[in-house]
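The values are calculated or read from the model by the stated rules, or taken from the named source; none is laboratory data. These figures come from a predicted structure and were not determined experimentally. When we count neighbours, we look across all protein chains shown, and the Cβ atoms used for this are built from the backbone with ideal geometry, even at glycine. When the accessible area is computed, the model is the full protein with side chains, heavy atoms only, and any ligands, DNA or RNA have been set aside. Shrake-Rupley method; radii C 1.70, N 1.55, O 1.52, S 1.80 Å.
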Amino acid sequence: MEKLVVHGGYKLKGTVNISGSKNASLPILAASLLTDESVFIRRVPDVSDTNFMVQIMGQLGASVERFSGNVRVEAKNLHSQATYEQVRKMRASICLMGPLMARMKQCVIPLPGGCVIGDRPVDLHIKAIQALGATVNIDKGNLIISAPNGLTGATIDLRGDHGPTVLGTDNLMMAAVLAKGTTVIESAAAEPEVVDLADFLIKMGAKIEGAGTRRIVIEGVEKLHGCTHTVIPDRIEAGTFMVAAAMMGEGVTLRRICEEHMLSITELLRQCGHTITFNDKGDTAVVESAQTAKPAELTTAPYPGYPTDMQAQMTALLAITEGISVVKETIFPQRFMHCSELKRMGANIKVANGTAVITGVNQLSGAPVMASDLRASAALVLAALKAEGTTEIHRLYHIDRGYELIDEKLLSIGANVERLVDEEEQ
Ligand code: EPU
């Protein structure tokens with residue numbers, strides 16, 4: 001295993017290129033199984049989650065080639081059974097259900113287990129596929145799904161206790177594009193990644209209206225064809241670098257981003273006093289750190305609200321912002337693992353009932369810390385950049401799931417970080 005050693009206190013300056021979105025790439029890769037023609041996807045980030053997806057697709061029979069951020073998929077002959085060994089590595093493999101059902105009329109997908117950020121049920125995915133006429137049984141930890149006569153469109157309300165479901169909306173959209181008749185998704189997720197998937201499916205010949213709103217209407221078609229698509233910029237990676245620049249920057253420029261997708265993140269950073277200036281196209285921004293930053297109150301919410309995937313990083317920033325800040329997590333109320341590690345670095349944070357109350361401190365100090373999930377690890381890296389002394393972040397594989405070349409990108413803007421073999425974790 002590897003660890004990241006961060007020597008804190010180095011100012012950040014320069015330009016970072018933001019990668020394509022991990023969370024858009026995963027369902028788009030899965031959706032490429034909907035046709036037997038060749039599909040070409042650009043700007044797929046080289047992170048371990050997209051690698052897991054490519055591996056699983058290969059094991060399902062697709063031919064997948066990867067080079068310079070591009071992925072070419074040709075799924076001529078597929079089989080419909082994913083193994084637990086493959087699926088347990090990545091919860092997002094549940095989004096293979098929709099394409100496999102649309103194409104094969106049956107599939108076996110191991111139930112993904114729990115996860116450190118919360119319970120993460122799949123009841124809404126099951127409800128959706130059942131509504132399209134499939135039968136679902138659970139046997140030995142596997143979802144066994146079958147619709148021998150094919151899927152038929154229906155109206156489905158996908159709202160759960162914590163709001164809409166992103167991958168649930170994706171799964172239903174992918175199942176419905178080849179179903180008979182019309183499917184209406186009520187309470188759909190409206191995240192930019194859902195819109196990117198819909199754009200990709202439309203390029204393949206699907207008939208979809210309303211992606212990006214709470215009501216998506218899909219008219220099933222007979223067949224989909226190959227296409228070329230470029231994945232949207234990763235708004236969470238961009239947000240993470242914006243927070244790094246707000247904490248330690250002396251003028252950091254982010255390129256290949258999308259202003260419109262980041263409004264809730266930039267609004268909050270501006271409220272704290274940091275300056276973010278976009279170019280006219282909205283694809284480049286310069287971030288300047290405030291002389292005296294202000295605390296904030298934030299509540300995570302489905303898009304266009306403040307994203308849960310940017311909660312941990314903002315918590316790290318607020319931990320060193322003078323005053324009292326309040327962070328409420330409504331999507332995954334248990335997603336506060338980073339707080340215990342930040343406390344080991346000197347942060348003053350109290351977590352109860354899905355809310356963190358943060359009393360900003362002047363300085364953090366380097367410490368050995370443990371990454372627990374992708375965004376929690378990002379928060380630890382951010383805190384470590386600011387901290388006095390050296391921080392060792394163990395279990396670096398968590399961050400490699402979703403941040404492409406994070407150490408290289410940080411080095412290129414002046415951070416002092418080293419990726420080393422972790423002798424303690426071997
Ligand atoms: N939920 C249910 N039942 C379901 C599905 C979801 O109750 O069947 C609940 C969840 O427990 C949660 C809420 O609905 O409380 C929203 O979860 P959602 O289904 O939207 O999450 P997801 O689609 O599994 C994606 C991202 C996550 C991100 C969430 C929320 C991908 C691959 N993953 O997960 O990203 O946190 O949406 O925005 O797109 C990350 O990148 O670090 C990450 C965890």
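The DSSP beta bridges internal to the chain are antiparallel in roughly 70% of cases.
Note on ARG214: accessible area is roughly 100 Å² with a 1.4 Å probe, heavy atoms of protein only. Around the Cα centre of the range 22-230, unit charges on the Cβ atoms of Lys, Arg, Asp and Glu (plus for the first two, minus for the last two) sum to a dipole of about 220 debye. What the phi angles of the range 75-88 give under the Karplus curve with 6.51, -1.76 and 1.60, with θ = phi - 60°, is a coupling list of 10, 6, 10, 10, 10, 10, 10, 8, 9, 4, 3, 7, 6, 5 Hz, glycine and proline written as x.
Comparing PHE67, PHE336, PHE241 in a Gaussian network model of the chain where C-alpha atoms under 10 Å apart are linked, the largest mean-square fluctuation is found at PHE67. For the range 299-426, what value does the Rg/Rh ratio take when both radii are computed over Cα atoms and Rh is the Kirkwood radius, given to two decimals? Rg/Rh: 0.96. Computed in the context of the full set of protein chains, the accessible area of the range 245-381 at 1.4 Å probe radius has 49% of its extent on carbon or sulfur.
Total lysine pairs in the range 22-230 at Cα distances under 19 Å, for residues eight or more apart or on different chains: 13. Using θ = phi - 60° in the Karplus curve 6.51 cos²θ - 1.76 cosθ + 1.60, the 3J(HN,Hα) couplings for the range 394-408 round to 7, 6, 5, 4, 4, 6, 5, 5, x, 10, 6, 6, 4, 5, 5 Hz; x is entered for Gly and Pro.
3J(HN,Hα) couplings calculated from phi for the range 359-365 with the Karplus curve 6.51 cos²θ - 1.76 cosθ + 1.60 (θ = phi - 60°) are, in sequence order, 9, x, 10, 6, 8, 9, 10 Hz; Gly and Pro show x. Tally up the carbon and sulfur contribution to the accessible surface of the range 22-230 as a whole percent, 1.4 Å probe, everything protein left in place. Here carbon and sulfur together make up 47 percent of the probe-accessible area.
Taking a Cβ cut-off of under 15 Å around SER93, the surrounding Lys, Arg, Asp and Glu residues balance to a net charge of +3, with basic ones at +1 and acidic ones at -1.
Computed about the Cα centre, the dipole magnitude for the range 327-404 is approximately 260 debye when only Lys and Arg (+1) and Asp and Glu (-1) carry charge, each at its Cβ. Here the chain is treated with +1 on each Lys and Arg Cβ and -1 on each Asp and Glu Cβ, and its dipole about the Cα centre works out to around 480 debye. Averaging the sequence gap over all C-alpha pairs within less than 8 Å and six or more residues apart, then dividing by the number of residues, gives the chain a relative contact order of 21 percent.
Can you tell me what percent of all Cα-Cα pairs in the chain are more than 43 Å apart? The proportion of pairs with Cα distances above 43 Å equals 12 percent. Our estimate of slack between GLN271 and LEU78, defined as 0.36 nm per intervening residue step minus the Cα-Cα distance, is 64.4 nm. The Cβ shell under 14 Å around ILE324 holds other residues with a net charge of +1, Lys and Arg each +1, Asp and Glu each -1. Accessible surface calculations at 1.4 Å, restricted to protein heavy atoms, place the range 22-230 at 39 Å² per residue. The convex hull of the Cα atoms of the range 22-230, projected and averaged over all directions, covers 10.0 nm².
Positive-end ranking of ILE358, THR300, ALA316 along the dipole of the chain, with charges on Cβ about the Cα centre, is headed by THR300.
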